[in-house]
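See structure below.
The values are calculated or read from the model by the stated rules, or taken from the named source; none is laboratory data. Because the structure is predicted, anything quoted here is derived from the model rather than measured. We place every Cβ from the backbone using ideal geometry, glycine too, and count neighbours over all the protein chains shown. Quick note on the areas: whole protein, heavy atoms, side chains included, nothing else; ligands and nucleic acids left out. Shrake-Rupley method; radii C 1.70, N 1.55, O 1.52, S 1.80 Å.
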Amino acid sequence: MPGQLLAEITKKEKIASDIFRLTLQAPDIAAAARPGQFVMLRSGRSLDPLLSRPFSLHQVMADGQIQVLFKVIGEGTRRLAALEPGAQAGVVGPLGQGFSLEAPADNGRFCLIGGGMGIAPLFFLARELQRRQPAVPCDLFLGARTAREVSQLAEEFQLLGLKPQVATDDGSLGYGGLVPELLAISLANQDGPGLRVYCCGPWPMMAAVAAYCRQRAWECQVSLETMMACGISACLGCAVQGSAGGEDYLHVCKDGPVFAAEDIAWSRE
Ligand SMILES: Cc1cc2nc3c(=O)[nH]c(=O)nc-3n(C[C@H](O)[C@H](O)[C@H](O)COP(=O)(O)OP(=O)(O)OC[C@H]3O[C@@H](n4cnc5c(N)ncnc54)[C@H](O)[C@@H]3O)c2cc1C
Ligand code: FES
């Protein structure tokens, strides 16, 4: 189990009024990280374990830096957003199980779907897929409440050579509506089973995407977000019901956060 290290913040970006991106110098985490894994992050040297919060690895750079992208929700994220370059943050990671990166079956394609801050892990994932599977085409769907939350991120994906299809709740950018609707419209004519879907976002969005993939016999991996007190399999506070029901509970911090969609009991949350 990785211990906590203190990492210097080298850059802070404001992506929208309440969305920030922090770059941290953390070579050991960068060297070991896989897309879909996360870190527990807290501001400064505080020893209060209740102030550590889980964040997906947003980007991992060759020079040993890592990035997290987050929205300010409550006390933990407010403290992180107040940090400036030169300050230190407590980091534990990389934690959990990441996405599987092998080529899809049947000469298929990849499809990345992110909603809200669920977009965060898709950058690292997209870059790794491009590096490992450069010949496999990759579709990308991004959902947000409004253009302000997603326009810069969509432009950054374009710089990676991807063509994001965007859905916004208020119609201010791209399709006006929900990502699963846009997915069904856009991929209606996509034949065959060879699509590997990677999805991260709010529970209802992932449940809808999982149901659609099941109908189409597409493989679907989801990255779940739950409340996490410890992040290291010590508190059992992150359990979700598995699809077998009964005693089948999965711990998001240890067994996930990435799961095969069919392993989750979507209707019980
Ligand atoms: C594996 C994992 C990866 C994550 N990656 C990211 C990321 O890349 N970017 C990002 O912005 N966020 C991410 N999150 C969510 C992030 O951890 C929470 O937003 C953060 O912990 C909120 O902390 P806070 O102290 O600001 O708010 P708190 O004071 O802890 O919470 C404020 C309110 O939000 C609710 N809440 C907090 N966290 C969650 C949650 N996960 N699900 C539902 N309700 C919640 C609380 O019940 C409370 O009502 C991730 C979560 C997990 C489990
Ligand atoms: S967060 Fe404590 S066991 Fe998963």
Quick check on residue 246: is it more than 18 Å from residue 118 (Cβ to Cβ) and either open to solvent by 60 Å² or more (accessible area, probe 1.4 Å) or more than 10 Å from ligand 2 (Cβ to nearest atom) (or both)? yes
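Give me the strands (runs of 3 or more DSSP E) completely within the range 184-269, filtered to those with at least 1 residues that are touching a helix residue (DSSP H, G or I) at 6+ places or on another chain (Cβ under 6 Å) and under 21 Å from residue 71 (Cα atoms), ordered by residue number.
Working: elements: 195-200, 219-223, 239-241, 249-251, 258-260.
Ranges flagged: 195-200, 219-223.
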Could you give me the residue pairs with C-beta distances under 7 Å whose first residue belongs to the range 1-17 and is without any contact (Cβ under 8 Å) to a residue 40 or more places away in the chain, whose second residue is open to solvent by less than 80 Å² (accessible area, probe 1.4 Å) wherever it lies, and which are 6+ apart or on separate chains? 13/20; 13/21; 14/20
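Residue by residue, here is whether (1) of a type in the set (Gly, Ala, Ser); (2) in contact (Cβ under 8 Å) with a residue 40 or more places away in the chain holds:
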residue: 64; (1), (2): yes, no
residue: 92; (1), (2): no, yes
residue: 104; (1), (2): no, yes
residue: 108; (1), (2): yes, yes
residue: 113; (1), (2): no, yes
residue: 124; (1), (2): no, yes
residue: 131; (1), (2): no, no
residue: 134; (1), (2): no, no
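Does residue 85 fit the bill of being open to solvent by 30 Å² or more (accessible area, probe 1.4 Å), away from ligand 1 (no atom under 11 Å from the Cβ) and more than 12 Å from residue 231 (Cβ to Cβ)?
Details: open to solvent by 30 Å² or more (accessible area, probe 1.4 Å): yes; away from ligand 1 (no atom under 11 Å from the Cβ): yes; more than 12 Å from residue 231 (Cβ to Cβ): yes.
In short, yes.
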Counted residues in the range 153-204 being under 17 Å from the mean Cα position of the chain (by Cα) and either farther than 25 Å from residue 136 by Cβ or not assigned by TED's automatic domain parsing to the domain that holds residue 126 (or both) come to 3
